[in-house]
Amino acid sequence: MSVIGNAPLALCENTVSFAWHEPPLARPQVSIVIRPTPESRQWLQTPGLMPYSKAGQGFAPDRHDSCIVTNRVRAESEHPRTEQIVDPAFLSSGMAVAPQADSQPTPPVTQPRHVRPAGGNPLRRVDKPVLSLTSRVLNNEGPQHLANKRKPSWLKAKLPGGPGYEKVKAIMDEHGLFTVCQEAGCPNMGECWARGVATIMILGDTCTRACGFCNVKTGRPPVLDKDEPRRVAESLRLMHEQAKLKHVVITSVNRDELADGGAGIWAETIMRGREACPGMSLEVLIPDFEGNWAALQMVIDAQPHIINHNLECVRRMYPAVRPSAKFDRSLELLRRVKEQGGVAKTGIMVGIGEKDEEVLALFDDVLQGTRAAGPDGTEDACDILTIGQYLQPTRNHLPIDRWVHPDTFAMYKEEGLKRGFKVIESGPLVRSSYHADHQADVLSTIEAERARRHHESTP
């Protein structure tokens with residue numbers, strides 16, 4: 001509610017009602033600035049209407065600076081009041097009107113409620129949007145205009161197709177399996193499936209969290225499907241034999257409503273999958289289990305070939321991007337994997353509001369925070385890192401802050417390898433499972449070479 005002097009303003013649908021009554025004893029006070037317009041200057045010359053100023057002496061029509069109006073917020077009073085109806089067009093002039101005690105109410109002037117149709121796509125409005133929340137939430141570097149960001153030429157992916165893709169898709173559909181490739185709208189789905197690499201999502205298709213970047217639906221998941229590990233293992237066997245699947249990535253939604261976060265299903269799925277397809281490498285992309293390390297141990301004991309847990313973004317942006325996760329908790333998860341001799345992998349997105357120096361600082365944080373002495377006493381840190389361009393799934397998700405150039409991705413890879421990562425996949429279309437089979441092959445070669453050198457150096 002606004003006031004003129006001591007007079008609160010009551011707003012109706014098509015009219016503006018000016019009311020005033022006795023001031024209360026105490027009230028909070030806020031100052032607002034109203035700038036005059038040419039229309040308001042003409043209106044100021046209307047007989048019987050006098051604008052209110054802070055000094056109580058009116059407002060000069062030829063004055064070019066701002067008029068300070070005091071807005072007092074107060075409770076309604078039982079004192080009698082009179083009202084004066086004013087054309088709402090006067091409201092847009094930014095000027096206030098001093099009430100006339102002897103003025104009589106006049107019929108309201110009916111005007112359309114909206115100048116333009118209400119609702120709809122905010123990016124298709126007639127006037128230019130005022131502010132982008134990107135800078136407020138992520139960078140806080142001042143206002144930016146919100147606009148459609150056109151994809152650059154280097155962001156192009158092939159349409160899904162080909163015999164390998166069709167075979168994998170048919171098996172997925174037949175056994176009712178969910179894939180993160182489909183749920184998250186991955187641009188590399190056609191290429192990966194044709195290469196014999198697929199990412200299967202277990203524990204349903206409904207997540208208990210609502211991350212700002214993820215396209216997987218949020219809600220309360222259905223009843224836990226305890227037969228899922230058997231069906232997944234059977235599907236993997238068919239894809240391995242018929243579609244020549246050689247590397248599989250298994251991931252899941254977050255199931256925070258379960259006591260173990262779904263770790264029991266995870267462990268059984270891994271063990272059944274390895275038993276059904278001994279010649280296929282198996283990688284898991286797991287949640288953080290809310291820091292339940294006993295649940296994590298169940299997954300580690302099942303012995304997948306690679307354990308992946310994505311950091312997703314730099315530390316500063318966690319409240320906006322991963323509000324239910326903790327950066328240090330994710331680092332601790334990866335450290336525990338290395339502590340038990342496992343292969344640890346993580347991944348991040350860029351172009352969502354971070355700066356290049358923050359990405360490089362993240363490299364150091366990951367290598368320092370995950371370093372641990374393994375069962376053989378050798379210290380080691382996170383092995384594999386993936387870096388890709390963030391793509392906004394829908395307008396309801398966090399906006400794209402920038403398109404990262406391929407040269408910058410090349411710089412990320414060079415700097416990461418210098419700092420100590422063994423394998424880095426960095427590029428605009430890179431996702432966690434993109435070229436995952438190639439990453440596994442490269443890591444196996446590196447580990448074999450290290451083992452050979454260690455054996456030769458041992459007397």
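The values are calculated or read from the model by the stated rules, or taken from the named source; none is laboratory data. Model, not experiment: these values are computed from the prediction. Ideal geometry is used to build each Cβ from the backbone, glycine not excepted, and the neighbour counts take in all protein chains shown. Each accessible area value is taken on the protein alone, full model and side chains, heavy atoms only, with ligands, DNA and RNA left out. Shrake-Rupley method; radii C 1.70, N 1.55, O 1.52, S 1.80 Å.
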*Among 335, 402, 419, which is charged (D, E, K, R) and in contact with a helix residue (DSSP H, G or I) (Cβ under 6 Å, 6 or more places away or on another chain)?*
419
*Are there any pairs, at least 6 apart or on different chains, whose C-beta atoms fall under 6 Å, with the first in region 210-235 and within 17 Å of residue 250 (Cβ to Cβ) and β-branched (Val, Ile, Thr) and the second open to solvent by less than 30 Å² (accessible area, probe 1.4 Å) and part of a helix (DSSP H, G or I), and if so, which?*
232/269
*Return yes or no: is residue 314 open to solvent by less than 20 Å² (accessible area, probe 1.4 Å) and under 24 Å from residue 228 (Cβ atoms)?*
no
_Tell me whether region 260-280 contains one or more residues that are modelled with pLDDT of 95 or more, among the hydroxyl-bearing types (Ser, Thr, Tyr), crowded, with 22+ Cβ neighbours inside 10 Å and within 20 Å of residue 366 (Cα to Cα)._
no
_residue 443 vs. criteria in contact (Cβ under 8 Å) with a residue 60 or more places away in the chain and surrounded by fewer than 22 Cβ atoms within 10 Å (Cβ to Cβ)_ = yes
*Selection status of residue 214, over 26 Å from residue 271 (Cβ atoms), at pLDDT 85 or above, in contact with a Cys (Cβ under 9 Å, 6 or more places away or on another chain) and outside any helix (DSSP H, G or I)*: yes
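Conditions (1) within 21 Å of residue 309 (Cβ to Cβ); (2) at pLDDT 95 or above, marked per residue:
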position	(1), (2)
396	no, no
399	no, no
405	no, yes
414	no, yes
422	yes, no
428	no, no
435	yes, no
*under 21 Å from residue 343 (Cα atoms), in contact with a Ser or Thr (Cβ under 9 Å, 6 or more places away or on another chain) and either buried (at least 18 other Cβ atoms within 10 Å of the Cβ) or in contact (Cβ under 8 Å) with a residue 12 or more places away in the chain (or both), is that true of residue 299?*
no
*When the residues of region 203-229 are filtered to those that are of a type in the set (Lys, Arg) and more than 18 Å from the chain's Cα centre (by Cα), which remaining residue is farthest from residue 351 (Cα to Cα)?*
226
